[in-house]
Amino acid sequence: MNRSGPPSEMTPEDAAALLAFYVEAGVTDALGDEPVNRYALADEAARAAPASREPDAPRAIRADPRGDMAPPPAARVAAPAAIPLEDSQAAESARIVAARCKTLDELRQALAVFEGCPLRYTAKNLVFADGNPEARIMLVGEAPGRDEDLQGLPFVGRSGQLLDRMLAAIGLDRTSVYIANTLPWRPPGNRTPTPAEHAICMPFIERHIELMAPKVLLLLGGVSAKQLLHTDTGIMRLRGKWTAARIGERDIPALPTLHPAYLLRQPAQKRLAWRDLMALRAWLDTNPD
Ligand code: URA
């Protein structure tokens, strides 16, 4: 088999064998032909962009069921990441599009045709949400993985199965919670989303939360917590501490916790997640509708 020649010199059999080899090796996504130096673009944009105001630090709120003030959670406030000019324009257009949506259905439709985020071109499906849009609780994860991308639903793979068991442990299921992600498209090969991708998708998840109007947010993992609380503080310091997430005009009680995928890798940490779930259960019991 000729594996050394450029693709144009390959026979169809060689190409099929190479493709099979890629699939075997876990390569599931095709990227662009031309490499893009995002660091150089980001530097250019940073030089061109005016200095912007830092966002407010997350605030501790009176969400403890005993009525105690929770300790201030986040000492470090995230500075907005410099992103290429083209991406800030896409983020601005996302803000305009998202703000126009008056219902969750409109938001889903707007996302389905939104062309400003590169992730949509490598994803197979839009992963909007699952669960009950009337629920009091909204869970926000990071980004869809392979199974979620294939099914178009959040948390349906292994970490989703663990999440379902965690919810069941405190008497909840997908009829009593609503689930979405900070990013509605899978990053290719599950790579870490870029600051630009987050910036472009933020207006959508914020509007998503605003329209769903949950009474309480459970933030699954560091990415979700950092994005929605506008902080650089790590999840180990944020988890288990009630914080106000400023979404639109509201401060929503938010509890960051460990991501189920992390718990699959570090099962010993499930005891911490269990404490967080108990805190959520206590909040629900002491804050009836
Ligand atoms: N991990 C996430 O953060 N979200 C999903 O939907 C699946 C896995």
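One table, with the values for the structure above:
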quantity	calculated
Diffusion constant of the stretch 132-174 at 20 °C, which comes from Stokes-Einstein with the Kirkwood Cα-pair radius and 1.002 mPa s, µm²/s	193 µm²/s
Dimensionless Rg/Rh of the stretch 250-289 - Kirkwood Rh, Rg from C-alpha atoms	1.08
DSSP-assigned coil residues among GluC sites (Glu not before Pro) in the stretch 107-150, each with at most 16 further Cβ atoms within 10 Å	Glu115, Glu134
Residue-count net charge about Asp164 - beta-carbon cut-off 10 Å; Lys, Arg +1, Asp, Glu -1	+1
Extreme residue, positive dipole direction of the stretch 79-146, given options Ile96, Gly145, Gly116 (C-beta unit charges)	Gly145
Semi-axis lengths (Å, descending) of the ellipsoid that matches the C-alpha gyration tensor of the stretch 79-202	26, 17, 13
Spatial extent of the stretch 85-286: Rg and Dmax, with the Cα atoms as the point set, Å	15.7, 47
Bridge type composition, the stretch 85-286 - antiparallel percent by DSSP, nearest 5	35 percent
Of Lys102/Lys241; Lys124/Lys270; Lys102/Lys226, those spanning more than 28 Å from alpha-carbon to alpha-carbon	Lys102/Lys241; Lys124/Lys270
Computed magnitude of the charge dipole of the stretch 202-262 (debye, nearest 20; Cβ of K, R +1, Cβ of D, E -1)	200 debye
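We did not get these values from a lab; they are worked out from the coordinates using the rules stated. Quick caveat, the model's predicted, so the values are computed rather than measured. Don't worry about glycine lacking a Cβ; one is built from the backbone with ideal geometry, like all the others, and counts go over all protein chains shown.
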